[in-house]
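Remarks on the structure that follows.
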Amino acid sequence: MSKELILMIEGDQTSCLLMHKHLGREGFRTADAPNAKEGLALHLKLKPDLIILNMSLPDRSGYEVLSEIRRRSNTPVIAVRERGESIDELKSLVFGSNDYLTKPFDWDVLVIRINNVLKTGGDQTGDRPIRVGILTVDHSAHTVSVDQPTGPKVLNLTPREFSLIACMARHAGRVYGRDELIDYCWPDHVPLHRTVDSHMCNLRSKLDAAGARCMLITVRGVGYKLGNENG
């Protein structure tokens, strides 16, 4: 029986050919797309078991692609990047990746990472739901819910609102400045600070309406933090 199908969304043709070669030797079936548009189309058509996503694509930000994949499915994703800093790894986790690798990587390491993600069905530490007070942030399902007497209430959040709360939930109680939130949650452009404030205002209204009052806290002159129900 053939092994799992891996879709590579990779703009570097040399890297793509090498991945075909090495993964094929391990028995994996492979497919590839050179850009975001074709990659997202193949994801719908082929329904791969795992995606290797280059975060630097020619037509769209890899974070946008990752966010789109998460809106439509729980397909495990390993994010890769030519050069990386700790902020890149955190951003990829916030947007829903199951693992992260910086190029150049050892091929044996890639195969081990793939097998680990497939073995757990994508249930990696960075992908498990995070609890903050009465909030549950589920990166895999791309949802935020609030505990209520009748059961969890799922909030109707925009992708940007989800990214903001998912970022802050990883280190609840830590204050995030507006520039830092922009770095994490706006990979495609740099908005004005008042745009961040507007999104936070909408997010706070949705939390308050669901009974999660005082969860989103403004630290005057600094930024925002996510705290326990009573701040």
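Miscellaneous remarks
- Test: LEU110 is under 25 Å from HIS139 (Cβ atoms) and touching a Gly at 6+ places or on another chain (Cβ under 8 Å): no
- Of the residues in the range 195-210, at least one is of a type outside the set (A, V, I, L, M), out of contact with any helix residue (DSSP H, G or I) (no Cβ under 7 Å at 6 or more places or on another chain), under 26 Å from ARG72 (Cα atoms) and in contact (Cβ under 8 Å) with a residue 40 or more places away in the chain.
- Residue within the range 55-66 that is at pLDDT 90 or above and aromatic (Phe, Trp, Tyr) present: no
- Residue among LEU40, LEU46 that is over 24 Å from ILE130 (Cβ atoms) and either of a type in the set (Asp, Glu) or out of contact with any Asp or Glu (no Cβ under 8 Å at 6 or more places or on another chain) (or both): LEU46
- The range 177-221, residues that are surrounded by fewer than 18 Cβ atoms within 10 Å (Cβ to Cβ), at pLDDT 90 or above and among the β-branched types (Val, Ile, Thr): THR195, ILE217, THR218, VAL219
- Residue in the range 51-63 that is crowded, with 19+ Cβ neighbours inside 10 Å, under 21 Å from CYS185 (Cα atoms) and small (Gly, Ala, Ser) present: yes
- Considering each residue of the range 86-97 in turn, at least one proves to be touching a strand residue (DSSP E or B) at 6+ places or on another chain (Cβ under 6 Å), outside any helix (DSSP H, G or I) and closer than 21 Å to HIS142 by Cβ.
Each row is one residue, and each column tells you yes or no for (1) charged (D, E, K, R); (2) over 17 Å from the mean Cα position of the chain (by Cα); (3) surrounded by fewer than 15 Cβ atoms within 10 Å (Cβ to Cβ).
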{"residue": "LEU90", "(1), (2), (3)": "no, no, no"}
{"residue": "VAL109", "(1), (2), (3)": "no, yes, yes"}
{"residue": "ILE130", "(1), (2), (3)": "no, no, no"}
{"residue": "VAL144", "(1), (2), (3)": "no, no, no"}
{"residue": "VAL154", "(1), (2), (3)": "no, yes, yes"}
{"residue": "GLU161", "(1), (2), (3)": "yes, no, no"}
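- Residue ranges of helices (runs of 4 or more DSSP H) in the range 113-210 with at least 3 members charged (D, E, K, R) and not assigned by TED's automatic domain parsing to the domain that holds SER56: 178-185, 193-209
- Only residues that are more than 20 Å from THR14 (Cβ to Cβ) and touching a helix residue (DSSP H, G or I) at 6+ places or on another chain (Cβ under 7 Å) were counted in the range 32-53, giving 4.
- Selected residue (only one of ARG170, ARG174 is surrounded by fewer than 18 Cβ atoms within 10 Å (Cβ to Cβ) and either modelled with pLDDT of 85 or more or polar (S, T, N, Q) (or both)): ARG174
- For the range 1-23, a residue qualifies if it is under 17 Å from THR75 (Cβ atoms), part of a loop (DSSP other than H, G, I, E, B) and either free of Cβ contacts under 8 Å to residues at least 12 places away in the same chain or within 25 Å of the chain's Cα centre (by Cα) (or both), and the qualifying residues are GLU4, GLU10.
- Count - residues of the range 44-85 that are over 16 Å from VAL117 (Cβ atoms) and in a helix (DSSP H, G or I): 11
The values are calculated or read from the model by the stated rules, or taken from the named source; none is laboratory data. What you see is a predicted model, and the numbers here were worked out from it, not measured in a lab. Using ideal geometry, Cβ is built from the backbone for each residue, glycine included, and neighbour counts are taken over all protein chains shown.
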